[in-house]
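Down below is the structure, laid out as structure tokens.
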Amino acid sequence: MDNTQYFYRTAIFTRKDNQVSLVDIEKPEDTTPMEDWMAIVVSLADGRHTVNELIAYMGSQYQSAPQELEDTLHSVLERLQEGKIVQLSDQAVELPYYLAEPLESLDIEKAKELIKEDGYIHH
């Protein structure tokens with residue numbers, strides 16, 4: 001994996017009750033909770049930071065970063081890419097309004113209108 005690439009989310013998420021979950025904006029009560037590592041990466045996947053920056057940030061959360069931290073994050077990113085939840089780019093990515101923040105921070109009607117205009121569909 002190229003650590004100089006930027007990582008960005010392609011799915012709408014919520015951060016409710018200390019739990020990051022994927023959510024369908026049309027059915028916000030239906031959420032798919034994410035495991036801890038995936039939740040952290042999705043919540044940080046703003047398109048403005050590289051994989052290197054993610055590794056450095058996560059490493060700073062420990063007194064002594066685990067040796068396998070980079071491999072673990074690569075694995076998490078690969079699984080999120082396979083699920084089409086996070087993607088990588090050679091350049092910084094400006095996220096659309098409805099992907100930029102957790103669902104609870106959005107104006108839902110504005111987000112729905114922009115989704116319709118953009119033709120956004122999450123697979």
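For this structure, a couple of remarks:
- Among the residues making up segment 21-53, those that are assigned to a strand (DSSP E or B), closer than 27 Å to LYS116 by Cα, without any contact (Cβ under 8 Å) to a residue 60 or more places away in the chain and within 14 Å of the chain's Cα centre (by Cα) are SER21, THR32, PRO33, ASP46, GLY47, ARG48.
- Hey, SER75 among the hydroxyl-bearing types (Ser, Thr, Tyr) and either closer than 19 Å to THR10 by Cβ or assigned to a helix (DSSP H, G or I) (or both) or not: yes
- Any hit, segment 85-92, residues being open to solvent by 90 Å² or more (accessible area, probe 1.4 Å) and in a helix (DSSP H, G or I): no
- Residue pairs whose Cβ atoms lie under 6 Å apart, separated by 6 or more positions or on different chains, with the first residue in segment 62-73 and open to solvent by 40 Å² or more (accessible area, probe 1.4 Å) and the second β-branched (Val, Ile, Thr), are GLU70/ILE55.
- Summed over segment 5-52, the residues that are over 22 Å from THR72 (Cβ atoms) and crowded, with 17+ Cβ neighbours inside 10 Å give a count of 4.
- Qualifying residue in segment 31-39 (condition: β-branched (Val, Ile, Thr) and in contact with a helix residue (DSSP H, G or I) (Cβ under 7 Å, 6 or more places away or on another chain)): no
- Residues that are open to solvent by 50 Å² or more (accessible area, probe 1.4 Å) and under 18 Å from GLU53 (Cβ atoms), drawn from segment 93-123: GLU94
- Test set (1) within 14 Å of the chain's Cα centre (by Cα); (2) open to solvent by less than 60 Å² (accessible area, probe 1.4 Å) - ARG79 fails condition number: (2)
The values are calculated or read from the model by the stated rules, or taken from the named source; none is laboratory data. Just so we're clear, the structure is a prediction, and the values are computed from it rather than from any experiment. Methodologically, a virtual Cβ is constructed for each residue, glycine included, from the backbone with ideal geometry; neighbour enumeration extends over all protein chains shown. The accessibility values were calculated without ligands, DNA or RNA, using every heavy atom of the protein model including side chains. Shrake-Rupley method; radii C 1.70, N 1.55, O 1.52, S 1.80 Å.
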